[in-house]
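*Asks:* This structure is in structure tokens; I'll ask about it shortly.
The values are calculated or read from the model by the stated rules, or taken from the named source; none is laboratory data. All figures in this text were calculated on a predicted structure; none of them were measured in a lab. Every residue, glycine among them, receives a Cβ derived from its backbone with ideal geometry; neighbour counts consider all protein chains shown.
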Amino acid sequence: MIKIAFFGEAMHELSTNQELNFGGDTYNTAVYFKRLMGEQVHVYFISAIGSDELSKQAKARWQQQALKLDFLQYATNHTLGAYGITLDANGERVFHYDRKNSAAREYFKLDSQHQFLTALQQQQFDYLYFSAISLAIYDDPTKQLLMTAIAQFKQAGGIVIFDSNYRQVLWQSNMQAHYWFRQAFLVADIIFVTNDDHFGVFGDCEQQQLVDFYRAYPQALRVIKQGLDDTIVLQQQTINYYPVTAVAKVIDTTAAGDAFAAGFLAEQILASPCAIVVQTAQQLAAQVITAAGAIVATTVTLKASKQQELNNA
């Protein structure tokens, strides 16, 4: 059984329809990934919640989504962070956050026995997925504590996946973000990056300069998303470009990148050809942005599973 850990924060998603929803980059990817992979994987969501009613409802929802919560931590004086999103005419997001009482920011204080760090060091998972937001919510000593454990996880044979989700408000300075992004790139086996995230951290550049920048990390499978422009995949020294099909009506791009990563990882883990990997990722992202919210109904299934059914027929 494949074991994959998603480390990060899930927040209370504020919406106008009064429905109780949750969202957060690594959480969103965990949910969509589990939905695709089903019983083939154990998906661990690593985070912290409070002891209040909202936190209890969050835990119940995550259990309903078949996420394993063995390393979930509980705070007595904190709760979930909250976020709201306003959308512009193109469905692009403007985020509004309230993290001042977020339990997730206290994760390593709550995990006083370092159970999660020990699990990484002992490679109790096959894969670890984390993001720039997973790093950004902690102070620098805690970032280093986490990155050291991730390096030990990789050295023990674990596969590290990093998503470049960049939120400027979470970083003290551009130079701070610059440093920690590079540390993550160096340890990652798979890197998901968007051109906008790259521009926010390292400055604007042309597409060729963007590709050249990520050539510096040949140990990783590098996936560059560019909105409606081609998705670029770098494998060692090989570069492939995959066109993106425009969606007729975009409602909400909140979890587009998270869903893309889920689809990509699921097919990649099942050893699908790269064209199929990207196709499933793009199809899932395209479906997710036609509805409002981070977690929405989806019907996309894995091409690898369909091929296996044909082989067994």
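*Asks:* Looking at ASP197, is it farther than 22 Å from ILE2 by Cα, not hydrophobic (A, V, I, L, M, F, W, C) and not in a helix (DSSP H, G or I)?
*Replies:* Values: farther than 22 Å from ILE2 by Cα: yes; not hydrophobic (A, V, I, L, M, F, W, C): yes; not in a helix (DSSP H, G or I): no.
It is false that ASP197 is farther than 22 Å from ILE2 by Cα, not hydrophobic (A, V, I, L, M, F, W, C) and not in a helix (DSSP H, G or I).
*Asks:* Select, from PHE181, PHE185, the only residue that is within 17 Å of the chain's Cα centre (by Cα) and either touching a residue at least 40 places away in the same chain (Cβ under 8 Å) or outside any helix (DSSP H, G or I) (or both).
*Replies:* On the way: PHE185 fails: either touching a residue at least 40 places away in the same chain (Cβ under 8 Å) or outside any helix (DSSP H, G or I) (or both).
PHE181 is the lone residue from the list that is within 17 Å of the chain's Cα centre (by Cα) and either touching a residue at least 40 places away in the same chain (Cβ under 8 Å) or outside any helix (DSSP H, G or I) (or both).
*Asks:* Test each condition in (1) out of contact with any helix residue (DSSP H, G or I) (no Cβ under 6 Å at 6 or more places or on another chain); (2) under 28 Å from THR194 (Cβ atoms) for THR76 and report the one that comes out false.
*Replies:* THR76 satisfies all of (1) out of contact with any helix residue (DSSP H, G or I) (no Cβ under 6 Å at 6 or more places or on another chain); (2) under 28 Å from THR194 (Cβ atoms) except (2).
*Asks:* Does SER55 satisfy the condition of being outside any loop (DSSP other than H, G, I, E, B), touching a Ser or Thr at 6+ places or on another chain (Cβ under 8 Å) and surrounded by fewer than 23 Cβ atoms within 10 Å (Cβ to Cβ)? Outline the logic, then answer.
*Replies:* Details: outside any loop (DSSP other than H, G, I, E, B): yes; touching a Ser or Thr at 6+ places or on another chain (Cβ under 8 Å): yes; surrounded by fewer than 23 Cβ atoms within 10 Å (Cβ to Cβ): yes.
Considered against the rule, which asks whether it is outside any loop (DSSP other than H, G, I, E, B), touching a Ser or Thr at 6+ places or on another chain (Cβ under 8 Å) and surrounded by fewer than 23 Cβ atoms within 10 Å (Cβ to Cβ), SER55 comes out as yes.
*Asks:* Can I ask one more? Going residue by residue through segment 252-265, is there one that turns out to be farther than 26 Å from TYR214 by Cβ and either touching a residue at least 12 places away in the same chain (Cβ under 8 Å) or among the aliphatic types (A, V, I, L, M) (or both)? Lay out the reasoning, then the answer.
*Replies:* Filtering segment 252-265 for residues farther than 26 Å from TYR214 by Cβ gives 252.
Add one more test, that the residue is either touching a residue at least 12 places away in the same chain (Cβ under 8 Å) or among the aliphatic types (A, V, I, L, M) (or both), and what stays is 252.
Yes, segment 252-265 contains at least one residue that is farther than 26 Å from TYR214 by Cβ and either touching a residue at least 12 places away in the same chain (Cβ under 8 Å) or among the aliphatic types (A, V, I, L, M) (or both).
Residue by residue, here is whether (1) of a type in the set (A, V, I, L, M); (2) under 18 Å from the mean Cα position of the chain (by Cα); (3) outside any strand (DSSP E or B) holds:
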| position | (1), (2), (3) |
| --- | --- |
| PRO218 | no, no, yes |
| LYS225 | no, yes, no |
| THR231 | no, yes, no |
| ILE239 | yes, no, no |
| THR245 | no, no, yes |
| LYS249 | no, no, yes |
| ALA259 | yes, yes, yes |
| ALA262 | yes, yes, yes |
| ALA266 | yes, yes, yes |
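*Asks:* Take the conditions hydroxyl-bearing (Ser, Thr, Tyr) and under 21 Å from the mean Cα position of the chain (by Cα) and apply them to THR280. Does it pass? Spell out the reasoning first.
*Replies:* On the way: hydroxyl-bearing (Ser, Thr, Tyr): yes; under 21 Å from the mean Cα position of the chain (by Cα): yes.
Here the answer is yes, as THR280 does meet what is asked.
*Asks:* Here is a further query. Suppose we filter ALA75, ALA82, ALA30, ALA48 for residues that are under 24 Å from ALA132 (Cα atoms), modelled with pLDDT under 95 and hydrophobic (A, V, I, L, M, F, W, C); which single one remains?
*Replies:* Details: ALA75 fails: modelled with pLDDT under 95; ALA30 fails: modelled with pLDDT under 95; ALA48 fails: modelled with pLDDT under 95.
Answer to the selection: ALA82.
*Asks:* Of all residues in segment 157-210 being surrounded by fewer than 14 Cβ atoms within 10 Å (Cβ to Cβ) and among the aliphatic types (A, V, I, L, M), which is farthest from SER131 (Cα to Cα)?
*Replies:* That would be MET175.
*Asks:* A follow-up question, please. Looking at segment 64-74, can you tell me whether even one residue there is small (Gly, Ala, Ser), outside any strand (DSSP E or B) and free of Cβ contacts under 8 Å to residues at least 60 places away in the same chain?
*Replies:* Taking segment 64-74 as the starting set, the residues that turn out to be small (Gly, Ala, Ser) are 66.
Still in the running and outside any strand (DSSP E or B): 66.
So of that shortlist, the ones also free of Cβ contacts under 8 Å to residues at least 60 places away in the same chain come out as 66.
Looking through segment 64-74, at least one residue is small (Gly, Ala, Ser), outside any strand (DSSP E or B) and free of Cβ contacts under 8 Å to residues at least 60 places away in the same chain.
*Asks:* What residue, among those in segment 205-216 that are among the hydrophobic types (A, V, I, L, M, F, W, C) and either on the phi > 0 side of the Ramachandran plot or part of a loop (DSSP other than H, G, I, E, B) (or both), is farthest from the chain's Cα centre (by Cα)?
*Replies:* Step one: of segment 205-216, the residues among the hydrophobic types (A, V, I, L, M, F, W, C) are 205, 210-211, 213, 216.
Subsequent filtering for residues that are either on the phi > 0 side of the Ramachandran plot or part of a loop (DSSP other than H, G, I, E, B) (or both) retains 205, 216.
Numbers: CYS205: 24, ALA216: 22 Å.
Ranking the qualifying residues of segment 205-216, first place goes to CYS205.
*Asks:* Residues in segment 285-313 that are farther than 22 Å from ILE133 by Cα, assigned to a helix (DSSP H, G or I) and at pLDDT 95 or above: how many?
*Replies:* The qualifying residues number 2.
*Asks:* Tally the residues that are more than 23 Å from LYS303 (Cα to Cα), at pLDDT 95 or above and among the basic types (Lys, Arg), restricting the search to segment 210-266.
*Replies:* 1
*Asks:* Say we look at segment 94-117 and pick out the residues that are surrounded by 13 or more Cβ atoms within 10 Å (Cβ to Cβ) and assigned to a strand (DSSP E or B); which of these is modelled with the highest pLDDT?
*Replies:* SER102
*Asks:* Please find, among LEU128, LEU120, the residue that is part of a helix (DSSP H, G or I), of a type in the set (A, V, I, L, M), crowded, with 19+ Cβ neighbours inside 10 Å and in contact (Cβ under 8 Å) with a residue 24 or more places away in the chain. First the steps, then the outcome.
*Replies:* On the way: LEU128 fails: part of a helix (DSSP H, G or I).
Only one candidate passes the filter, namely LEU120.
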